[in-house]
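Following this message is one structure expressed as C-alpha cells.
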Amino acid sequence: MSQLRLFCFPYAGGSALVYQKWNRYLRQDILLRPVELAGRGKRINEKMYENVYVAADDLFHIIKEEIAMGPYAFFGHSMGGMLAYEIAQKIRREGLPGPAHIFFSARRPPHISKEEDKKYHLMETDVFKREIINLGGTPVEFFEHPELIELYLPLLKNDFKLSETDLFEGTIHPLDCSITVLSGKGDDLTEADCEEWSMHTRQKCNIHYFEGGHFFIKDYMEGVTGIINNTLSAGHF
C-alpha cells in the first residue's frame, strides 16, 4: 500500500509526542510523521532556535529526503502552522515537489499582525505562568514542580518568541496546494482572519470551526483527524 506522509509540527512548548495518539484515528494509507524540534524530546540536548529562519532550515533538512519519496502533507498547530508555512515556502524556493495539502490550525495568516496581540515572551515570569495556564495546553500541575519549570520555561518562552515574530515582508507568495484552516470558536482567531488564508493559495481554502479555545485539537482529536482523513482521500487534495 502506498502511503501519503503527514508531517506534523508542534505548538510552542510541544514535542513530536503531541501527535502520537493520532495513529489510532488516521487511515492506514496516511503515514504519521511528527517532526521533532530542537531542544525537546529526542533532541533535548540540542540548542534552541535563534529565529524562525533557523528553525525552518533545520526542519527542512530533516524532512528533505522523505518529501522526495512521494506525496506528502503538512499539519501545524499555532507555532507549528507558522513553521509549516515557512518550510513550504522554502521548498517552493528550492524548486522541490511541494506538499499536496497543508492544514493550518489555530494560526493567523502571515500577513495579519495585530497590535493588541499579547507578547508572551516579553512577560515577567509570574505573569507568563498565569497566561500560559489560561491559554491551556499545559497542565496546571506542571507549575507545581520547580525543577520542571526551570527546565521547560526557557524553551517555552523561546518558542513564543519565534511564534510572535512578524516575518511578513509585504509580498504574498500563494501556495500551489489547497489548504485547510482549523480554528477554535473561543480562540482569538476571528472568522475574518481564517478567511484571509485564501490569499495564500492558488487552490481551495476550506475552513472548519470547533468548540473550544486555542487547544481544541486536544478535545476534538477524532474530529480533527476525521477532517484530515477526508481531505487526504484520493482526489480530494
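So what is the calculated 222 nm ellipticity per residue for the chain, using -39500 (n - 2.57) for each DSSP H run with n of 4 or more, over all residues, to the nearest 500 deg cm²/dmol? Let's see the in-between values first.
Details: 7 runs with 81 residues, N = 237.
Value at 222 nm, helices only, nearest 500: -10500 deg cm²/dmol.
Subtracting the Cα-Cα distance from 0.36 nm times the residue separation, let me have the gained length for Val54 to Ile207 in nm, one decimal. All intermediate terms of the calculation are to be shown ahead of the outcome.
Details: separation 153, 0.36 × 153 = 55.08 nm, distance 2.97 nm.
The Val54-Ile207 span can extend by a further 52.1 nm.
Still on this model: I'd like the distance separating the alpha-carbon centroids of the range 43-63 and the range 158-237, in whole Å.
Using only Cα atoms, the two centres lie 22 Å from each other.
If the chain between Glu150 and Leu167 were fully stretched, how many nm would it gain, using 0.36 nm times the residue separation less the Cα-Cα distance? List each step's numbers first, then the result.
Working: separation 17, 0.36 × 17 = 6.12 nm, distance 2.93 nm.
This chain segment gains 3.2 nm when fully extended.
Sticking with this one: Cα to Cα, under 17 Å, and not fewer than 8 places away if on the same chain: which lysines meet these conditions relative to Lys64?
Lys90
Could you give the size of the charge dipole of the range 2-155 about its Cα centre, using +1 on the Cβ of each K and R and -1 on the Cβ of each D and E, expressed in debye and rounded to the nearest 20? All intermediate terms of the calculation are to be shown ahead of the outcome.
Values: 20 positive and 20 negative charges, 131 e Å.
That gives a dipole near 640 debye.
Another one. Let me check I have the definition right: for the range 161-237, take the eigenvalues of the Cα gyration tensor, multiply each by 5, take square roots. What are those semi-axes in whole Å, largest first?
Values: eigenvalues 94, 76, 23 Å².
Ellipsoid half-lengths, sorted descending, are 22, 20, 11 Å.
Same structure again: Given contacts defined as C-alpha pairs under 8 Å and at least six residues apart, what's the relative contact order of the chain, whole-number percent? Before the final figure, lay out each step's value.
Working: 377 pairs, mean separation 47.6, N = 237.
With pairs under 8 Å counted, the relative contact order is 20 percent.
Between Met69 and Ser113, what is the label-point separation in nm under the 7 Å Cα-to-beta-carbon projection?
In this crude label model, Ser113 to Met69 measures out at 3.8 nm.
Same structure again: Using per-residue counts of other Cβ atoms within 10 Å, averaged over each peptide, order 177-183, 67-73 from highest down.
Working: 177-183: 23.0, 67-73: 16.1.
Taking the mean over residues of other Cβ atoms within 10 Å, the ranking is 177-183, 67-73.
Can I ask one more? Could you work out how far apart the two model spin labels at Phe143 and Leu17 are, taking each label as a point 7 Å from the Cα in the direction of the beta carbon, and quote it in nm?
2.1 nm
At q = 0.16, 0.26, 0.30 Å⁻¹, what log₁₀ I(q)/I(0) does a Debye calculation on the Cα points of the range 144-204 give, no solvent, two decimals?
Cα-only, vacuum Debye calculation for the range 144-204: -0.77, -1.11, -1.15.
Grab the alpha carbons of the chain, take their convex hull, and tell me the volume per residue in Å³. Don't skip to the answer; put the middle values down first.
Numbers: hull volume 30.1 nm³, N = 237.
Once divided by residue count, the hull of the chain is 127 Å³.
Which FRET efficiency value, to the nearest 0.05, do you get for Met221 and Met199 by plugging their Cβ-Cβ distance into 1/(1 + (r/R0)^6) with R0 = 35 Å?
Values: r = 29 Å, r/R0 = 0.84.
Working from the Cβ atoms, E equals 0.75.
Sticking with this structure for a sec: Say we join alpha carbon atoms closer than 10 Å with springs in a Gaussian network model of the chain; which of Leu167, Leu151, Leu31 then has the biggest fluctuation?
For the chain, modelled as a Gaussian network with Cα springs under 10 Å, the answer is Leu151.
Write out the trypsin sites (Lys or Arg not before Pro) in the range 57-119 meeting two conditions: DSSP loop, and at most 16 other Cβ atoms within 10 Å of their Cβ. Show your work: numbers first, answer last.
Details: sites: Lys64, Lys90, Arg92, Arg93, Arg107, Lys114, Lys118, Lys119; in loops: Arg107, Lys114, Lys118, Lys119.
In loop regions of the range 57-119 (DSSP not H, G, I, E or B), the sparsely surrounded trypsin sites (Lys or Arg not before Pro) are Lys114, Lys118, Lys119.
Can you tell me what percent of all Cα-Cα pairs in the range 54-99 are more than 17 Å apart?
Working: 236 of 1035 pairs.
When every Cα pair of the range 54-99 is considered, 23 percent fall beyond 17 Å.
Taking +1 at the Cβ of each Lys and Arg and -1 at the Cβ of each Asp and Glu, which of Phe60, Pro71, Pro154 sits farthest along the dipole of the chain towards its positive end, judged by Cα position relative to the Cα centre?
Of Phe60, Pro71, Pro154, it is Pro71.
Which whole-number percent gives the relative contact order of the range 1-127, counting Cα pairs below 8 Å spaced six or more residues apart?
Details: 179 pairs, mean separation 32.7, N = 127.
Relative contact order, the range 1-127: 26 percent.
Rule-based calculations on the coordinates, nothing more; no lab input. In this text, all values refer to a predicted model and were calculated from it rather than measured experimentally. When we count neighbours, we look across all protein chains shown, and the Cβ atoms used for this are built from the backbone with ideal geometry, even at glycine.
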